[in-house]
Amino acid sequence: MTKPRLKIIPLGGLSEIGKNMMVMEYEDDIIIIDVGLMFPGEEMLGIDLVIPDINYLLEKRDKIRGIIITHGHEDHIGALPYLLPQLNVPVYATKLTQGLISVKLKERKALSGAKLEVITLGGEVTLGKFRVELFPVCHSIPDAVGLIIHTPVGIAVHSGDFKLDYTPVSGKPTDLSRLAQLGAQGVLLLLSDSTYAELPGYTPSERVVGEALDHIMADAPGRVIVTTFSSLVSRIQQVIDSAAKHQRRVFTVGRSMNDTVRMALELGYLSAPDGILARLDELHGMPHNKVVFVTTGSQGEPTSALVRMANRDHRQLHILRGDTVVISATPIPGNEALVNRTVDNLFKQGAQVFYDKVAQVHVHGHGSQEELKLLLNLVKPKFFMPIHGEYRHVSLHAKLAESVGIPTENIFVLEDGDVLELDSQVGKVTGKITSGNVYVDGLSVGDIGSVVLRNRRMLSRDGMVVVIIAVNKQTGKLIGRPDIVTRGFIDTREAKDMIEERRNVVARILDHGGNRPAEWGFINTKIRDVLNRFYYERTKRRPMILPFMVKV
Ligand SMILES: [Zn+2]
Ligand SMILES: [Zn+2]
């Protein structure tokens, strides 16, 4: 009999940035690490969100002992409102992370019945044959953790998202001494964040952002508007600190910003001197150089407060000449165009704009190459698996691991759905399970498939042609000539002749069967074939062709 092995299966987050989700399985016990979402790419037309496919887990639901969340970013908690009700297992996280999860679950009405457990930094939980210890890591959100997972075959270390900031604004620096201690004991497997594996050197400390904000607040002649992610609690803290220094009052704008700030204040992750935070109704009559707004919109999201202000579409606030806008975030890949347009609009309204390309108003929350190497050197794992990143990121991270002496055959570059099996001696990718994207569009989850997306792409490229055929209910014979309506395909006034000509052609196809009413499936295919060929010859376009039969 072969000895049981530890299985590591990424359901998301490998070969992509986002929707991080990892399964660890040993005999009859499964734990899940992170349940994140991904924002849709440009080709996913009309899709709001992307979440992981969890069919693999649904078959083994009774074996799942719990979910552990490393920190409160969307790409680690965002799919919980959709997937937790299906899995119905306890969720373990630190206090702030749990607060953010509650906010998310409540938004989607999935909070009741959820079993949320708080674990302290450095605390642990036993889940079946796994004992999981949460150690602090520095990231762009407080209360972020990495995991030390004691398994029957050895210790696995999961870095979460991390960097090595020795002077973080809030939260603890990464616990390097605990990691060094583990390294001396012997670690079987390290799973480590690859998001910034392309960047040489070290990621700058959050402190440089504080200095940049200080300069801006001191010099700005009028109001300052800072936009960032609502989850970037440490950045919000920096804004409050800097505002206090320059006798400005801070107004939070927008629902998610308000909710997060309130929750973080209550839980003690944000602190504000008395009288610094203000309500919008106190704004009237305040001198402009005493005002700071904090709002979302750093990604150019069309419904965010900043974008509305930039477009003169916000109910309460407009950009005024002399305002200073600080975009304290980098665009998530895919959002660049939206962000650039917002910056353009802000300049047009007369604002001065600071963003990452012109001032150091943002540092990212992930380690660069030297930090990744340091972690590898401290933990000294037998096996290494880079996680969190596109294929190029994990590949580069694998190269870094080789450069610090991990044998190539002990490094595993996986993609979503790959199954890595380990015992204390050997590791091997043994198979692949179903994984992939589940699309969330409006209220629907998962019923938008690749066919719908292909149709949307087709419509967006070449438009559509609807052919309406009226037939006699009794005889099944054509009445009059068919109608042809197009949308997004050609200018109907200019192409009048072409459409007229086609009406006749379609009529002839329908007449072909003599007096015998033809079969609808046959007519449908025939019309599409003929029109497709014709339109392609004439226009080199392939509109979607939809024949309709109306019985009258
Ligand atoms: Zn993160
Ligand atoms: Zn992340």
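Each reported figure results from applying straightforward, stated rules to the coordinates on display, with no laboratory input. All of these numbers come straight from a predicted model, not from anything done at the bench. We place every Cβ from the backbone using ideal geometry, glycine too, and count neighbours over all the protein chains shown.
How big is segment 7-97 by the Kirkwood estimate over distinct Cα pairs, in Å? Present the calculation step by step, with values, prior to reporting the outcome.
Numbers: mean 1/r = 0.0749 Å⁻¹.
Computed over Cα pairs of segment 7-97, the Kirkwood hydrodynamic radius comes out at 13.3 Å.
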Checklist entry - Which angle between 0 and 90 degrees, to the nearest 10, do you get for helix 176-185 versus the longest principal axis of the chain when only C-alpha atoms count? => result 90
Item to check | Viscosity 0.692 mPa s, temperature 37 °C, Stokes-Einstein D of segment 1-58 from Kirkwood C-alpha radius, µm²/s | outcome: 255
Checklist outcome for this item: Given 37 °C, 0.692 mPa s and a Kirkwood radius over Cα pairs, the Stokes-Einstein diffusion coefficient of segment 81-158 in µm²/s is 242
Checklist entry - Which lysines have a Cα lying under 27 Å from the Cα of LYS348, excluding residues fewer than 8 positions away in the same chain? => result LYS290, LYS357
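Over all directions, average the projected area of the Cα convex hull of the chain and note it in nm². Mind dumping the intermediate values first?
Numbers: hull surface 132.2 nm².
Result: a mean projected hull area of 33.1 nm².
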Checklist entry - What ranking do 371-383, 62-74 get when scored by the average of other Cβ atoms within 10 Å per residue, highest first? => result 62-74, 371-383
Checklist entry - Tally Lys and Arg at +1 and Asp and Glu at -1 over the other residues with C-beta under 10 Å from the C-beta of ILE47: what net charge comes out? => result -2
Checklist entry - Helix 496-511 versus the longest principal axis of the chain: what angle, 0 to 90°, nearest 10, using Cα atoms? => result 70
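Between GLU370 and ASN340, what FRET efficiency follows from the Cβ-Cβ distance if R0 is 30 Å, with the result rounded to 0.05?
Values: r = 31 Å, r/R0 = 1.04.
Working from the Cβ atoms, E equals 0.45.
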Next on the checklist: For q values of 0.20 Å⁻¹, compute log₁₀ I(q)/I(0) with the Debye formula on a Cα-only model of segment 136-224, without solvent.
Outcome noted: -1.00
Next on the checklist: Roughly how far apart, in whole Å, are the Cα centres of segment 204-282 and segment 46-89?
Outcome noted: 32
Item to check | Convex hull (Cα only) mean projected area of segment 377-433, reported in nm² to one decimal | outcome: 4.1
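Compute the signed sum of charges (Lys and Arg +1, Asp and Glu -1) over the other residues within less than 11 Å, Cβ to Cβ, of PRO287. It would help to have the intermediate numbers written out before the result.
Numbers: positive: ARG223, ARG248, ARG249, LYS290; negative: none.
Combined, the nearby Lys, Arg, Asp and Glu give +4.
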Next on the checklist: Over the Cα atoms, compute the radius of gyration (one decimal) and Dmax (the largest Cα-Cα distance, rounded to a whole number) for segment 228-362, in Å.
Outcome noted: 14.2, 40
Checklist outcome for this item: In degrees, nearest 10, the alpha-carbon axis of helix 207-219 is tilted away from the dominant principal axis of the alpha carbons of the chain by 80
Checklist entry - Given 10 °C and 1.306 mPa s, how large is the Stokes-Einstein diffusion coefficient of segment 298-382 in µm²/s, with Rh as the Kirkwood radius over Cα pairs? => result 108
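Say the cut-off is 20 Å between C-alpha atoms; which of LYS63/LYS382; LYS95/LYS380; LYS19/LYS432; LYS129/LYS172 go over it?
Table pairs above 20 Å Cα-Cα are LYS63/LYS382; LYS95/LYS380; LYS129/LYS172.
Quick one: of the DSSP bridges fully inside the chain, what percent are antiparallel, nearest 5? Write out the running numbers ahead of the final one.
Details: 49 of 95 bridges.
For the chain, the DSSP antiparallel bridge percentage is about 50.
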Item to check | Protection-proxy order for peptides 267-273, 194-200, each taking the mean of Cβ atoms within 10 Å per residue, highest first | outcome: 194-200, 267-273
Checklist entry - Going down the table (LYS163/LYS399; LYS7/LYS104; LYS477/LYS526; LYS3/LYS399), which pairs top 22 Å between alpha carbons? => result LYS7/LYS104; LYS3/LYS399
Next on the checklist: Quick check for you: which residues of segment 535-552 have the amide N under 14 Å from the point 7 Å beyond the Cα of VAL466 toward its beta carbon?
Outcome noted: 544-550
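Applying a 10 Å radius around every beta-carbon, put 143-156, 253-266, 397-410 in order of their mean neighbour count, most first.
Numbers: 143-156: 22.6, 253-266: 18.1, 397-410: 15.8.
Averaged packing, sorted descending, gives the order 143-156, 253-266, 397-410.
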Item to check | Neighbourhood charge, 12 Å Cβ-Cβ cut-off, centred on ARG392 and excluding it, Lys, Arg +1 and Asp, Glu -1 | outcome: -2
